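Undergrad: The structure follows.
What follows is calculated from the coordinates using simple rules that are stated; it is not laboratory data. No experiment lies behind these values; they were computed from the predicted model shown. Neighbour counts are summed over all protein chains in view; Cβ atoms, including those assigned to glycine, are modelled from backbone coordinates with ideal geometry.
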Amino acid sequence: MFRIKFSGRKQIIVFAAVIFICFIIAVKALSSVTTIFFKDDTYTVCIDPGHGGKAIGAVSKDGKRREQDDTLALSLKIRDCLEKQGVRVVMTRDTDVDVSLEDRCKKANKAKADLFVSIHRNASDSGTGMEVWINENPSKEEKKLSSDILKALVDASGMAERGVKQGFRNSSGNNYYVNAHTNMPSCLVEVGFITNDEDNKNFDKNIDKYAQAAADAIYKNLK
């Protein structure tokens, strides 16, 4: 066996190099730990595009426009806006598929989302404007979340504010399923009326503004 002999100066250089390499390895290891910590600490929001697949939802008066398409288009944009702000987003669907109400809630609960926001479009013979639905006995977090989203969408659209409403439409004592069966603060947002031509024009023209406004309001409630 050959032995390599180093002078005193060379031994110092070799020793310093070994120490430096160990230092780099340690820094990288600690950086990895820190990164994992912050990833685990990231806020999670569940965005729920209403309807999908065979469950088309409401339709426009001419029958050409479907709620399931509008909700998905807007929800995907909201997702993108939130992800740019470092928020982890769980989608109950990101394609045109039918997802049961039960599965939507299970997905949000399994992900331990901090907030749940369901996106819909309204329908009636003459209605117009924005409204948000929450539990009949809402938490203070749900009141604030719904109020902030509603104000943001009204400001972005210039449309009528129909208010934050509690429970379930025309049914006292009940709640919308997704509000009743999610473990985190939740709300159901009606983004204008699909049966109103002006609301539809506004939706198409301002969809990016709607998405950013909703995302900013959601992010505000995470803080």
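Undergrad: Modelled label-to-label distance, D103 and Q166, 7 Å Cα→beta-carbon offset: nm?
TA: The modelled label-to-label distance comes out at 3.4 nm.
Undergrad: How about K107: which aspartates and glutamates have a C-alpha closer than 12 Å to its C-alpha, ignoring those fewer than 8 places off in the same chain?
TA: Within the straight-line cut-off, K107 pairs with D48.
Undergrad: Of K54/K151; K54/K140; K84/K205; K84/K165; K84/K209, which ones are farther than 27 Å apart at the Cα?
TA: From the list (K54/K151; K54/K140; K84/K205; K84/K165; K84/K209), the Cα-Cα distance tops 27 Å for K54/K151; K54/K140; K84/K165.
Undergrad: Would you list S75, S126, S139 from fewest to most Cβ contacts within 10 Å? Could you put the intermediate results ahead of the total?
TA: Numbers: S75 24, S126 7, S139 13.
Exposure proxy ranking, most exposed first: S126, S139, S75.
Undergrad: Report the FRET efficiency, 1/(1 + (r/R0)^6), for S126 and K205, where r is their Cβ-Cβ distance and R0 is 30 Å, rounded to 0.05. Can you show the working numbers first?
TA: On the way: r = 21 Å, r/R0 = 0.72.
Efficiency computed from Cβ-Cβ geometry: 0.90.
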